[in-house]
Amino acid sequence: PLDNAAVLGEINRKDISAVDDISAFCVRGGDCCDTTPILLGKVGVGAAFETTLMYQLLKLSTNINFVSSLTKRIIQTTTLLLIIFASSTFGSIVDMGLSAASKQVLDPNSTPNPDWYSGLKKPKWNPPGWIFPIMWLIISKPTQFIAVSKLLATQSKNGVHYPNLPVLAYCTHLALGDAWNKVFFGLQCTGRGLAVILTFWSILWTCVYLFYQVDETAGLFLV
């Protein structure tokens, strides 16, 4: 006769195995179980909306002609600072709008494990965590501000057409940076995060090239 306890134990092991198989397809850190194409599609849509929002705002601030030159400069500088230093805010606005339509875009329903990153196996040359905000606040963002300011100033000074492609590429790189933070740190997904960050770097180097074509100093500051 079959041992009931043994049969039940075997069923439980199969159930646990099935759960593990399902978990392998789920994004760590949240309830989102999207496949890679679906998740990257959501990332692409969100980044596209965020890029469009930032691009249009910056172009609008640059093309305001019914105010004094000083007021125009203040509006343009304020808009540029907001876009460069607070691009994630625009991403959050976009995500809320998209979430209302799709119920879940990128952010998981549960709070991710805050100790996840510290538990990752990292290479020896990985810099300490405290260096990132210093690089971000003191070096990366200020030099980006100088680069974009030089780009727009060159356009205004030389009377050439608005640098649509360089500005669009720059806004795209900001949106992809925000998307990477959501996928890697928010959803805690390393493989898909790698795909996003590689796209981010390819767009960034494209920005360097495009900026350099308009103003050499602007391109160098963006490196």
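The values are calculated or read from the model by the stated rules, or taken from the named source; none is laboratory data. Small disclaimer: the values here were computed from a predicted structure and weren't measured. Positions of Cβ are backbone-derived with ideal geometry, glycine not excepted, and every protein chain shown enters the neighbour counts. Remember, those area values only see protein heavy atoms, side chains included, never the ligands or the DNA or RNA. Shrake-Rupley method; radii C 1.70, N 1.55, O 1.52, S 1.80 Å.
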Mean accessible surface per residue for the range 116-194, computed with a 1.4 Å probe while every protein chain stays in place, in Å²: 55
Burial ranking of peptide ranges 83-89, 173-179 (average Cβ count within 10 Å, highest at the top): 173-179, 83-89
Cut-off 19 Å (backbone N to label point 7 Å along Cα→Cβ of W116), residues of the range 173-204: 176-198
Inter-label distance, nm, simple model (7 Å from Cα along the C-beta direction), V45/L198: 2.4
Neighbour net charge for I146 - beta-carbon separation under 14 angstrom, K R +1, D E -1: 0
Three semi-axes of the equivalent ellipsoid, the range 175-223, Cα gyration tensor, whole Å, largest first: 28, 9, 6
Angstrom value of the Kirkwood radius, inverse mean 1/r, which spans all Cα pairs in the range 30-97: 13.7
Bins of 10 Å, starting at 0 and running to the largest distance - Cα pair percent for the range 140-195: 21, 36, 25, 14, 4
Subset of K72/K150; K59/K182; K59/K141 violating a 22 Å alpha-carbon distance limit: K59/K182
